[in-house]
Amino acid sequence: MQDVEYTTNDDLKFNEVNTSSWQEEEKKKKDKKNKGKGSAKSYIAIALICSILGGAIGTGVTYGAMRGTIQSAIKEAKSKTNNGGTTTNINPISSMNIPEVVAKVSPAVVGVSTTSVSTNVFGFDMGEQEGIGSGFIFSDDGYVLTNYHVVKNASQVKVIFSTGKEVSAKVVNYQEDADLAVVKITDDVEMPGKVELGDSDSLQAGEQVIAIGNPLGKEYLGSVTTGIISAVNRGVALTEGGEKMNLIQTDTAINPGNSGGPLINSQGEVIGINTAKIGSTGVEGIGFAIPINDATEKLDTLVKQKIKFGIAVRNITEDLSKQYNLPVGIYIQSIEDFSIAQKGGLQPGDVITKIGKKTVKTVEELNKEKEAYSDGDSIPIEFVRKGQTMQATLVVE
């Protein structure tokens, strides 16, 4: 069952290397300029690197009592920061060779496999799709850090250990604009390892780095590639018109399926999360990673359960509104039994138009407004049912 946190639009796919975004509208844009005669500029796009056999989706889960573990990981990472300046000399004595780094880190690097159900605008099942990305275990409790676009819209999530063993997992929380998500392993199993978080603020161009992940899917689980830091604080927008993020640029080979996997320094510490690459004919060796310090700042929030309405939805755009004679808003395709949406009186076919006093037209806007509420709060919802505007109150449990 999918929840309000994500939309089930049919065109959400990430296997196109020349797409500039994981947002649905980007799939509709195609570059036709290169077809003309004479000289033409090459089309260069930032491509998210999640390997998708069909689509990818995300789900909500309960928040475990692990604040101490998270704080320990954050404190350990922050203690490595050089407070005396912006550059740090690497001590070669403390460096490890590549096989040593791989032996230290690879047990904690996992595959993140997702299953989604593709549906049409009215929620009818159009078949399952599968996708895979990467991630890494950062706590003894089995919490995994990965990219948001890896788990976006997932109805089912599994984690694959480096041994090939698959275990059940759920998405705890995510931050879409930061492209970060935390997944929790739910099976009662011993964790094969956990990573050590480094300090991305002290990185310098020219440092050697290693990437471990699953390029192109399960067949290449745990692949290792090496390279250098090409640049730091590189301003890159992962979506067309989106805000720029300060990312690490690297020439380390990263490919579809590497999304969410670790970028590691020569001390065996995770200093980045592999996220995107330049996708264009004739362009090689330009990949990007989210600095690990940016992620550790958000871990306290990411390990807490996201409010879950228990509804599968999709956006009703202006075009769909005209086509189906529905209001612009968030169309409810199905509702999970015993969810707060069901208890509050919402039904499949309702179109949510307001949360509190805020008008919402997209799932993303609804999610943003949800963040203002917590356990025990009452959430006023305005929706349209069969042409009539109605109200409901959802009580957060």
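Here, each number is a calculation from the coordinates, and none is a lab measurement. All of these numbers come straight from a predicted model, not from anything done at the bench. Using ideal geometry, Cβ is built from the backbone for each residue, glycine included, and neighbour counts are taken over all protein chains shown.
Report the per residue volume, in Å³, of the convex hull enclosing the C-alpha atoms of region 124-197.
Details: hull volume 7.8 nm³, N = 74.
Enclosed volume per residue, from the Cα hull, is 106 Å³.
Report relative contact order for region 311-395 in percent, whole number only (criteria: Cα-Cα under 8 Å, sequence separation at least 6).
Relative contact order here is 27 percent.
Taking neighbour counts of Cβ atoms within 10 Å as a proxy for exposure, in what order, fewest first, do Phe161, Phe288 appear?
The order, fewest Cβ neighbours first, is Phe161, Phe288.
Under 8 Å for C-alpha pairs, at least 6 residues apart: give me the relative contact order for region 245-382, rounded to a whole percent.
So the answer I get is 16 percent.
Three principal axis extents, largest first, for the C-alpha atoms of region 273-397, in Å?
Between the extreme Cα coordinates on each principal axis of region 273-397 lie 55, 39, 27 Å.
Under a Cβ-only charge scheme (Lys and Arg +1, Asp and Glu -1), can you give me the dipole magnitude of region 111-260 about the Cα centre, in debye to the nearest 20?
180
So who's got an amide H within less than 5 Å of the one on Met245, skipping anything under 5 residues away but keeping other chains? H placed 1.01 Å off N, in plane.
When sequence neighbours closer than 5 places are left aside, the close amide H contacts are Val236, Ala237, Leu238.
Would you kindly derive the ³J(HN,Hα) couplings of region 328-345 from the backbone phi angles with the Karplus curve 6.51 cos²θ - 1.76 cosθ + 1.60 (θ = phi - 60°), listing them in order in whole Hz, with x for Gly and Pro?
5, x, 10, 7, 8, 8, 7, 10, 6, 4, 6, 6, 5, 5, 5, 5, x, x
Give me the percent relative contact order of region 196-291, please, defined on Cα pairs under 8 angstrom at least 6 residues apart.
29
Rounded to whole Hz and in sequence order, give me ³J(HN,Hα) for region 98-115 from the Karplus expression 6.51 cos²θ - 1.76 cosθ + 1.60, θ = phi - 60°, writing x for Gly and Pro.
4, x, 5, 4, 4, 5, 6, 9, 4, x, 8, 8, 10, x, 10, 9, 10, 10
Please compute one quarter of the surface area of the Cα convex hull for region 196-291 and express it in square nanometres.
With every direction weighted equally, the projected area is 6.2 nm².
Which GluC sites (Glu not before Pro) from region 158-226 combine a DSSP loop assignment with at most 10 other Cβ atoms within 10 Å?
Glu190
Name the residues whose placed amide hydrogens come within less than 5 Å of the amide hydrogen of Leu263, ignoring near sequence neighbours (fewer than 5 apart) on the same chain.
Ile271, Gly272, Ile273, Asn274
What fraction of the DSSP beta bridges in region 196-291 is antiparallel, stated in percent and rounded to the nearest 5?
In region 196-291, approximately 95 percent of DSSP beta bridges are antiparallel ones.
Kindly provide the chymotrypsin sites (Phe, Trp or Tyr not before Pro) of region 316-383 that DSSP labels as loop, not H, G, I, E or B, and whose Cβ sees at most 11 other Cβ atoms within 10 Å.
When the chymotrypsin sites (Phe, Trp or Tyr not before Pro) of region 316-383 are filtered for loop state and at most 11 Cβ neighbours within 10 Å, Phe338 remain.
At Ser168 and Gln391, where each label point lies 7 Å from the Cα along Cα→Cβ, what is the point-to-point distance in nanometres?
Distance between the two pseudo-spin positions: 4.0 nm.
5 Å is the cut-off here: which amide hydrogens, built 1.01 Å from N in the peptide plane, fall below it relative to Arg314, excluding neighbours closer than 5 in sequence?
Thr8, Tyr331, Gln333
In region 181-241, what is the volume of the convex hull around the alpha carbon atoms, normalised per residue and reported in Å³? Kindly include the intermediate steps, with their values, before the conclusion.
Values: hull volume 10.7 nm³, N = 61.
Spread over its residues, the Cα hull of region 181-241 gives 175 Å³ apiece.
If you take every residue apart from Asp377 with its C-beta less than 13 Å away from the C-beta of Asp377, what net charge results, scoring Lys and Arg +1 and Asp and Glu -1?
Within the 13 Å Cβ shell, the charges total -3.
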